[in-house]
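Remarks on the structure that follows.
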Amino acid sequence: MRLLSVFLRTLLPLYAVVIGWLSLAPVSGEGLPWDKALHFVAYSGFAGLLLPWTRARTARLLPLGTAVLVYSALLELAQHSVPGRSMDGWDLLANGLGITVGLGCCWLFLRVASDTLRCWVCGVSPETGQTNPGQSV
C-alpha cells in the first residue's frame, strides 16, 4: 500500500519537469491545431497527480491546484523569451480549465472511493486518517 502512494507521489515532480521542458523547448513552424486541447489534457493530468499529496483531505485541493496554476502562468511568461514560443492567455485559460476538471475528479475520488482505496492512493490509514507508519509526509 505504501509503495503505490510513494510511486504516485514521485510522478508529480517528474510530470512537472516534463511539462516545463515541453513548454520551454524552442519550436519552429506553426503550432499544433489542437494546442489548447493538449494544454487542457496535460493540466487535467497534472491536477490529477495532486491526489496523493492531499493526504485524503479535500481542503488541500485548492491550495495545491493554485500552485499548479501559478506554475502554469510562470511557464507562459517564460515562453516570451524562447525562440518560436509566445505568451498566450488562451493557453493559460486552457490550463486553468484542465486544472479545474482534474481537481474535480480528485474531489469526486475523495468523496466516493472506499477507505481502502483512499489509503492505497493517498497513503493514509483508513482508521485514523493519519500517515502510515514509516511514511514521510
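Listing for the model above:
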read-out: By average C-beta atoms within 10 angstrom, highest first, the peptides 37-48, 83-94; value: 37-48, 83-94
read-out: Spin-label pair Tyr15/Leu117, simplified geometry with 7 Å Cα→Cβ offset, distance in nm; value: 1.7
read-out: The chain - mean residue ellipticity at 222 nm from DSSP helices (-39,500 (n - 2.57) per run, n ≥ 4, rounded to 500); value: -21500 deg cm²/dmol
read-out: Debye, to nearest 20: dipole size of the chain, +1 on Lys, Arg Cβ, -1 on Asp, Glu Cβ; value: 500
read-out: Options Gly123, Ala47, Gln79, ranked by Cα towards positive dipole end of the chain, top entry (Cβ charges); value: Gly123
read-out: Bins of 10 Å, starting at 0 and running to the largest distance - Cα pair percent for the stretch 40-125; value: 19, 43, 24, 11, 3
read-out: Residue of Leu49, Leu103, Leu62 that the Gaussian network model of the chain assigns the largest fluctuation, springs spanning Cα pairs under 10 Å; value: Leu62
read-out: Length released on extending from His80 to Ser28, taking residue separation times 0.36 nm less the Cα-Cα span; value: 17.3 nm
read-out: Most mobile listed residue (Leu14, Leu77, Leu110) in the chain, GNM with C-alpha springs under 10 Å; value: Leu14
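A short reminder: the numbers here are calculations on the coordinates, not readings from a lab. Here the structure is a predicted model, which is why all the values come from computation and not from measurement. Virtual Cβ from ideal backbone geometry, glycine too; neighbours counted across all protein chains shown.
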